[in-house]
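**Student:** Structure incoming, see below.
Throughout, read-outs are computed from the coordinates displayed, never taken from laboratory work. Computed from a prediction, not measured in an experiment: that's the story for all the values here. Heads up, the Cβs are rebuilt from the backbone with ideal geometry, glycines too, and the neighbour counts pull from every protein chain shown.
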Amino acid sequence: MHNSLETYFDMEVAFFDVDSYRIVWHGNYPKYFEIARCQLLEKIGYSYQKMEESRYFFPVIDLQCRYVKPIIFKQKIRVKATLKNWQHKLDIDYLITDLSSGDKLTKGRTTQVAVLMPDQITQFQSPVELIDAVEKLLRS
């Protein structure tokens with residue numbers, strides 16, 4: 001990995017993720033993004049569990065997905081997540097590529113905002129726990 005604010009995982013597409021044409025069903029792409037996002041948040045040191053412990057939820061408020069080329073059954077792919085913004089919201093970019101050729105297959109982005117719990121108050125800047133965790137990772 002080139003950047004401390006990114007992570008990736010490799011996988012082979014399973015049969016249960018494809019439609020009758022053996023192409024990954026469009027609704028499974030957010031699942032792949034979520035797996036990469038959880039891994040990235042763990043790397044940062046601010047997992048969903050730590051978010052809750054610090055009294056914040058981070059709901060996804062926007063999801064974008066651009067299907068560049070179809071992903072097919074048994075294809076080996078890489079799903080990469082890159083943190084782009086963490087000051088006022090979490091913007092994470094995703095890139096899915098073919099593992100052997102490097103061809104771009106899908107790109108996407110999610111946006112999440114901090115919501116202070118239990119009062120469900122939307123925050124317009126990220127909690128200090130998140131900012132500190134990102135800055136600590138950037139220094140290391």
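**Student:** Where a Cα-Cα gap under 24 Å defines reach, which lysines qualify for Lys31, not counting those fewer than 8 residues away within the same chain?
**Tutor:** Qualifying lysines at Cα under 24 Å: Lys43, Lys50, Lys69, Lys74, Lys76, Lys80, Lys84, Lys89, Lys104, Lys107.
**Student:** How large is log10 of I(q)/I(0) for region 44-94 at q = 0.14, 0.19 Å⁻¹ when the intensity is taken from the Debye formula with one equal scatterer per alpha-carbon?
**Tutor:** Result of the Debye calculation: -0.55, -0.84.
**Student:** Got the relative contact order for region 6-128 handy, in percent, Cα pairs under 8 Å and 6 or more residues apart?
**Tutor:** Relative CO of region 6-128 lands at 28 percent.
**Student:** Given region 6-128, report the % of alpha carbon pairs whose separation exceeds 23 Å.
**Tutor:** Tail of P(r) above 23 Å: 35 percent of Cα pairs.
**Student:** For the chain, give the magnitude of the charge dipole about the Cα centre (Cβ charges: +1 Lys/Arg, -1 Asp/Glu; no others), in debye to the nearest 20.
**Tutor:** Charge dipole, the chain, about its Cα centre: 440 debye, nearest 20.
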